[in-house]
Amino acid sequence: MSDWWQWAPKKEVDQRGFAVVGVGRFGSAVCRELIRNRSEVLAVDSSERAIDELRQLEPSIEARVVDSTDEESLREAGVLEMGTVVVGISEPIEASITTTLIAKDSDGSRVRQVIARATSDLHEKMLKRVGADRVVFPSRMQGERLGLELVRPNLIERLELDDQTGIDEIKVPAVFVGRSLRDLNLRKNYLVNVLAAGPTKGLTVNPPASFVLKKSHVLVVMGTIEDLQKLPQN
């Protein structure tokens, strides 16, 4: 593990990489879920204490103390090299707005999407006006859920049975379309069990091996969290 003070941004953007700006309760939860799914994560915050607390929880994370309202500081930290930036700052509001604007409009920024946290309807409107691709409210979506959605774009819903096992409802991955459950043999190849498959409003419970998956279908599968995360993501 490298010393985080010596961390340097990559020369080429990793479009799968995530930067989380603001690591309070919400931002930290996003970081934890992303790391849990083995994603590349860069965490920044203006508070050294917040960074220290995050590193105590996630010792392997790349984290830096950065003023996110300063364009050059964000650039030097490597934030503008990441494919997705999550702005988890709640207050002051102007800081989250400025950070969002910098990530979206800075010269040479390679950020493809910015997801920003809002604290009010007015805050949401302002974030969208400066370019936020998506605005979330912590009361409506917890950080863990956002982190999971970022790494599992085809996930519709997850039910965790315990710390190790869960049931996922997912959109059928493109590589599964047109293939039967027999051909896919998900139990052998991915160590997950198919509980149901088919159209959202017409699921077939315990479908036969001959069942052919279509693009419009969903799959309901059960397995360990680790194995569920190995399923194709698009």
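The values are calculated or read from the model by the stated rules, or taken from the named source; none is laboratory data. This structure is a prediction, so every number in the text was calculated from the model and none was measured. Please note: Cβ atoms are built from the backbone with ideal geometry, for glycine as well, and neighbour counts cover all protein chains shown.
Val41 passes every criterion in (1) within 30 Å of Gln164 (Cβ to Cβ); (2) in contact with a Lys or Arg (Cβ under 9 Å, 6 or more places away or on another chain); (3) of a type in the set (A, V, I, L, M) apart from (2). Within segment 123-135, the set of residues being within 19 Å of Glu94 (Cβ to Cβ) and either at pLDDT below 90 or part of a strand (DSSP E or B) (or both) comprises Val135 only. Looking across Val79, Val66, Val41, one residue alone is more than 21 Å from the chain's Cα centre (by Cα) and modelled with pLDDT of 90 or more. It is Val66. Restricting attention to segment 91-109, and to residues there that are at pLDDT below 95 and touching a Gly at 6+ places or on another chain (Cβ under 7 Å), which single residue is nearest to Phe18 (Cα to Cα)? Looking at the filtered set, the residue picked out is Lys104. Here Val194, Val212, Val175 are screened, and the one residue that is among the hydrophobic types (A, V, I, L, M, F, W, C) and within 17 Å of Glu157 (Cβ to Cβ) is Val194. If you take the residues in segment 84-107 that are surrounded by fewer than 18 Cβ atoms within 10 Å (Cβ to Cβ) and touching a helix residue (DSSP H, G or I) at 6+ places or on another chain (Cβ under 7 Å), which one is nearest to Arg129 (Cα to Cα)? Checking each candidate, the answer is Ile93. Note on segment 82-122: residues that are among the small types (Gly, Ala, Ser) and over 20 Å from the mean Cα position of the chain (by Cα) total 4. Considering (1) closer than 19 Å to Ala50 by Cβ; (2) touching a Phe, Trp or Tyr at 6+ places or on another chain (Cβ under 6 Å), the lone condition that Thr84 does not fulfil carries the number (1). Considering only segment 174-186, how many residues are part of a helix (DSSP H, G or I) and within 26 Å of the chain's Cα centre (by Cα)? Total satisfying the criteria: 4.
Listed here are the residues, each with its yes/no results for (1) surrounded by 13 or more Cβ atoms within 10 Å (Cβ to Cβ); (2) closer than 16 Å to Leu228 by Cβ; (3) of a type outside the set (S, T, N, Q).
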| residue | (1), (2), (3) |
| --- | --- |
| Leu148 | yes, yes, yes |
| Glu160 | no, yes, yes |
| Gln164 | no, yes, no |
| Ile167 | yes, yes, yes |
| Pro199 | no, no, yes |
| Pro207 | yes, no, yes |
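Taking the numbered list (1) over 30 Å from Gly17 (Cβ atoms); (2) charged (D, E, K, R); (3) under 16 Å from the mean Cα position of the chain (by Cα) in turn, Glu149 passes all entries but (1).
The requirement of being assigned by TED's automatic domain parsing to the domain that holds Gln142, surrounded by 16 or more Cβ atoms within 10 Å (Cβ to Cβ) and small (Gly, Ala, Ser) is fulfilled nowhere in segment 51-62; no residue meets it.
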